[in-house]
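Engineer: Shown below is the structure under consideration.
The values are calculated or read from the model by the stated rules, or taken from the named source; none is laboratory data. Keep in mind the model is a prediction, meaning the values are calculated, not measured. No Cβ is skipped: glycine too gets one built from the backbone with ideal geometry, and neighbour counts run over all protein chains shown.
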Amino acid sequence: MIHSVVQWLIETVSALGYPGIVLLMFIESSFLPLPSELVMPPAGYLAAQGRMDAAAAILAGVVGSVLGALFNYGFAVFVGEPVLRRYGKYVLLRPHHLDRAEAYFARHGEISTFVGRLLPVVRHLISIPAGMARMRLGRFVAFTAIGAAVWCTVLVYIGWFLGRNEAALVEGVVRAYSTRAVLYMLPALFVLIVGYAVWQRKRGRPA
């Protein structure tokens, strides 16, 4: 049964093509928790079979991710913040809490957006505080795209690796590889965050 589902995913991504990847990654980054592990690795698998271009698949994934993030960003700007400022006190969110969040993203929005795109669960939500804090749109798009490019590349490579080695593209295998990739990235992210904090302190700004 699992093999049938996997084959269905591969054939679905193949039939939808690059516009389908854009659409699916838009959904993944916005209002529905569709795992990117079900979208990008099949594209990598198809690339290994010569049925897709890996670079084009990654680009489509990045475009979809950015569009989905912009959807959440806009929702936070036009709906989230006004509602929370008006009714947040009923869930212990005072205006000064929102002001602090806005000030935080004004100082550290770039690093937060980039790192957030590489972490499970967080990647679906990071656009909301960015929008509520009115993070500068150009920077938000740029760092979202960079983070999404890294993650999409990792997932496409996993699918390509499995395809080249004729391994079964089962969800459990993909999740095992993607989890391992996140664990490998954590030390690099830690070093990045520490370096960012040191750089901010040298600039005389709180990290």
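Engineer: Scan the range 16-37 for residues that are under 14 Å from ALA69 (Cα atoms) and not hydrophobic (A, V, I, L, M, F, W, C) and jot them down. Talk me through it step by step, then tell me what you get.
Structural biologist: From the range 16-37, those under 14 Å from ALA69 (Cα atoms) are 22-34, 36; that's our starting set.
Across the range 16-37, the qualifying residues are GLU28, SER29, SER30, PRO33, SER36.
Engineer: Now a separate question. What pairs come up if the first residue lies in the range 46-59 and is in contact (Cβ under 8 Å) with a residue 40 or more places away in the chain and in a helix (DSSP H, G or I), the second is exposed (fewer than 14 other Cβ atoms within 10 Å of the Cβ) and of a type outside the set (A, V, I, L, M), and their beta carbons are under 8 Å apart, counting only those six or more places apart or on different chains?
Structural biologist: If the second residue must be exposed (fewer than 14 other Cβ atoms within 10 Å of the Cβ) and of a type outside the set (A, V, I, L, M), the pairs left are ALA48/ARG164.
Engineer: Condition check: at pLDDT 85 or above and over 17 Å from ALA130 (Cβ atoms). Does PRO41 satisfy that? Steps first, please.
Structural biologist: On the way: at pLDDT 85 or above: yes; over 17 Å from ALA130 (Cβ atoms): yes.
For PRO41, the condition - at pLDDT 85 or above and over 17 Å from ALA130 (Cβ atoms) - is met.
Engineer: Are there any pairs with C-beta distances below 7 angstrom linking a residue in the range 98-109 that is outside any helix (DSSP H, G or I) to a residue that is modelled with pLDDT under 70 and among the charged types (D, E, K, R), with the two at least 6 apart or on different chains, and if so which?
Structural biologist: Going by the 7 Å Cβ cut-off, there are no qualifying pairs.
Engineer: Quick check on the range 70-92. Is at least one of its residues among the small types (Gly, Ala, Ser), under 22 Å from ILE146 (Cα atoms), modelled with pLDDT of 90 or more and in contact with a Pro (Cβ under 8 Å, 6 or more places away or on another chain)?
Structural biologist: The answer is no, given that none of the residues of the range 70-92 is among the small types (Gly, Ala, Ser), under 22 Å from ILE146 (Cα atoms), modelled with pLDDT of 90 or more and in contact with a Pro (Cβ under 8 Å, 6 or more places away or on another chain).
Results for (1) of a type outside the set (Phe, Trp, Tyr); (2) touching a helix residue (DSSP H, G or I) at 6+ places or on another chain (Cβ under 6 Å); (3) surrounded by fewer than 19 Cβ atoms within 10 Å (Cβ to Cβ), shown as yes or no for each residue.
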site: GLN7; (1), (2), (3): yes, no, yes
site: ILE10; (1), (2), (3): yes, yes, no
site: LEU16; (1), (2), (3): yes, no, yes
site: GLY20; (1), (2), (3): yes, no, yes
site: ALA54; (1), (2), (3): yes, yes, yes
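Yes or no, residue by residue, for (1) hydrophobic (A, V, I, L, M, F, W, C); (2) modelled with pLDDT under 85:
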residue: GLY116; (1), (2): no, yes
residue: ARG139; (1), (2): no, no
residue: LEU155; (1), (2): yes, no
residue: THR179; (1), (2): no, yes
residue: MET185; (1), (2): yes, yes
residue: GLY195; (1), (2): no, yes
